[in-house]
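**Student:** If you scroll down you'll find the structure; I have some questions about it.
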Amino acid sequence: MLTALPDFSTARVLVAGDVMLDRYWTGPTARISPEAPVPVVRIQQDETRPGGAANVALNVTALGGAARLLGVVGRDEAGRALRERLQAQRVQTDFLEANRAPTITKLRVLSRHQQLIRLDFEESLGAVGVFDRAALLASFRRALEQVQVAVLSDYGKGTLADAAELVAAARAARRPVLIDPKGVDWRPYAGATLLTPNLGEFEAVVGRCESEAQLVEKAENLRRELALDALLVTRSEHGMSLIAPGHAPLHLPAEAREVYDVTGAGDTVIAVFAAALAAGHDYAHAARLANLAAGIVVGKLGTATVSPAELARAIRRTHEEDSGVLGEDELLERVAAARAQGQVIVMTNGCFDLLHAGHVRYLEAAKKLGDVLIVAVNDDASVRRLKGPGRPLNKVADRMRLLAALKCVDWVVPFAEDTPERLIGRVLPDLLVKGGDYKPEQIAGYQAVKRNGGQVVILEYHPGYSTTNLLDRARSNRSGG
């Protein structure tokens, strides 16, 4: 659970990768050119912003952290402008100059907040002799001594042609190395701490993912294949998913109120994650902060940063809007806090595909047994396995939202297995509750709860309210009507 901002002032992050200059020419358009069927834009504003790896570094300093940036620029005005903009924002630059290539520049022409065209000025930096690759590696190794976390921002322009050596250097220095990957061959990133691909990039490597469960399975296979610590897959309007060993997958819903421009959102995600990690926070906390930051930055035009004040407001908003629907790691944090206050934790589970009066009576009775009631809900795939191909009637997000709206329910959490035994073993409630004619020892999680000194309670079953009976009755009424 996010409660406050990390102390970003303690974060020192090294960023290496493809730096670029983003230019924005903006003005009104009121006519079509007589020379070709294109609008005529009367340019009134010329703005420059650091982009690519430079935007990652800028996002770190915008939070109050310290960033050192390694990259390659040309011997040109754009390179000088990039240095000046970064140094004015407290980014320590360590640039190499390219022999035969300009500073990568992306020029966007906009009118009435719409991008009309983008012009790219660049040459590949990956060719032999364009810049001193040995010097970049040496600078990277020296800089690792002064930071807690390293970031490789790969836009496929060639600066990180020796990514494998940079990863090895970071690992040798015992520094986490986070990578925003490009392309379909991720073998050079093997051994990295974390990759942050978007869903399109991820599926280009592992194949299409038809469900969250398949995404998790493929991410876990890739994580093992590349010897990664974790993967953070950004999923646009579906939020992001963190897959790390020893923890249930953390699926975070999108936080954006309005999507205005997704340019540079990936830079913000990896920058905030790196800064939070450098400030001493774990993967789950860093992912939640990165998700909030992404929701803020896509509401801005072009490459942009997020301030601590904006993040703090977003955290306050999530508390105000908290519906009680939680991910597994956040649930465990809240359980620990409740236990510290001496509260009695009650837990139950089910599909709850069609919420009815029998469910409500049962949950009200469960809540009376303790202070906090947790309801674990089967995800869609597990309901399908248990109930058949026609189920569930309602998606897991909708089922959890309805449960969370009940006054007697405190926290709702999904699980992907056929039974919640693993989840119960992590929560270890004081009372595990089930309705029906079961014997306590037949209940999933019984052994774990009893070993921990808890109780398993069977509540009275209310006949006539099962979802299957209600569906059968509805079908009968339709066929007879």
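The values are calculated or read from the model by the stated rules, or taken from the named source; none is laboratory data. In this text, all values refer to a predicted model and were calculated from it rather than measured experimentally. Ideal geometry is used to build each Cβ from the backbone, glycine not excepted, and the neighbour counts take in all protein chains shown.
**Student:** Assuming Ile117 fulfils every condition listed in (1) touching a residue at least 24 places away in the same chain (Cβ under 8 Å); (2) loosely packed, with under 15 Cβ neighbours inside 10 Å apart from one, which condition is it?
**Tutor:** (1)
**Student:** Do the conditions hold for Ala161, that is, is it within 25 Å of Ala78 (Cβ to Cβ) and in the same structural domain as Val272 (by TED's automatic domain parsing)?
**Tutor:** Taking the combined requirement at face value, the residue satisfies it.
**Student:** Please work out which residue is surrounded by the fewest Cβ atoms within 10 Å (Cβ to Cβ), limiting yourself to the range 1-51 and to residues that are among the acidic types (Asp, Glu) and over 23 Å from Pro176 (Cα atoms).
**Tutor:** Only one residue tops the list, namely Glu35.
**Student:** Shifting gears a bit: Please verify whether the range 52-74 includes one or more residues that are part of a loop (DSSP other than H, G, I, E, B), loosely packed, with under 15 Cβ neighbours inside 10 Å and either not assigned by TED's automatic domain parsing to the domain that holds Gly266 or not aromatic (Phe, Trp, Tyr) (or both).
**Tutor:** Taking the range 52-74 as the starting set, the residues that turn out to be part of a loop (DSSP other than H, G, I, E, B) are 63-65, 74.
Okay, now just the ones that are also loosely packed, with under 15 Cβ neighbours inside 10 Å, so none.
No, there is no match, as no residue in the range 52-74 is part of a loop (DSSP other than H, G, I, E, B), loosely packed, with under 15 Cβ neighbours inside 10 Å and either not assigned by TED's automatic domain parsing to the domain that holds Gly266 or not aromatic (Phe, Trp, Tyr) (or both).
**Student:** Only residues that are of a type in the set (D, E, K, R), buried (at least 18 other Cβ atoms within 10 Å of the Cβ) and either over 26 Å from the mean Cα position of the chain (by Cα) or modelled with pLDDT of 90 or more (or both): list them for the range 330-361, please.
**Tutor:** Asp353
**Student:** Pull up the range 5-46, narrow it to residues that are assigned to a loop (DSSP other than H, G, I, E, B) and closer than 30 Å to Val151 by Cβ, then point me to the one that is modelled with the lowest pLDDT. Outline the logic, then answer.
**Tutor:** To start, the set of residues in the range 5-46 that are assigned to a loop (DSSP other than H, G, I, E, B) comprises 5-7, 11, 18, 27-28, 33-38, 42-44.
If we keep only those that are closer than 30 Å to Val151 by Cβ as well, we get 5-7, 11, 18.
On the way: Leu5: 83, Pro6: 88, Asp7: 92, Ala11: 97, Asp18: 97.
Among them, the one singled out is Leu5.
**Student:** Would you confirm whether any residue within the range 445-454 is at pLDDT below 60, assigned to a loop (DSSP other than H, G, I, E, B) and surrounded by 14 or more Cβ atoms within 10 Å (Cβ to Cβ)? Talk me through it step by step, then tell me what you get.
**Tutor:** Step one: list which residues in the range 445-454 are at pLDDT below 60, which gives none.
There is no residue in the range 445-454 that is at pLDDT below 60, assigned to a loop (DSSP other than H, G, I, E, B) and surrounded by 14 or more Cβ atoms within 10 Å (Cβ to Cβ).
**Student:** Could you check Lys182 against (1) part of a helix (DSSP H, G or I); (2) in contact with a Phe, Trp or Tyr (Cβ under 8 Å, 6 or more places away or on another chain); (3) without any contact (Cβ under 8 Å) to a residue 40 or more places away in the chain and say which number it fails?
**Tutor:** (1)
Residues are listed down the side, and each one gets a yes or a no for (1) under 23 Å from Gly453 (Cα atoms); (2) in contact with a His (Cβ under 9 Å, 6 or more places away or on another chain); (3) assigned by TED's automatic domain parsing to the domain that holds Tyr438:
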{"residue": "Arg339", "(1), (2), (3)": "yes, no, yes"}
{"residue": "Asn349", "(1), (2), (3)": "yes, no, yes"}
{"residue": "Asp353", "(1), (2), (3)": "no, no, yes"}
{"residue": "Gly358", "(1), (2), (3)": "no, yes, yes"}
{"residue": "Val377", "(1), (2), (3)": "no, no, yes"}
{"residue": "Pro392", "(1), (2), (3)": "no, no, yes"}
{"residue": "Ala416", "(1), (2), (3)": "no, no, yes"}
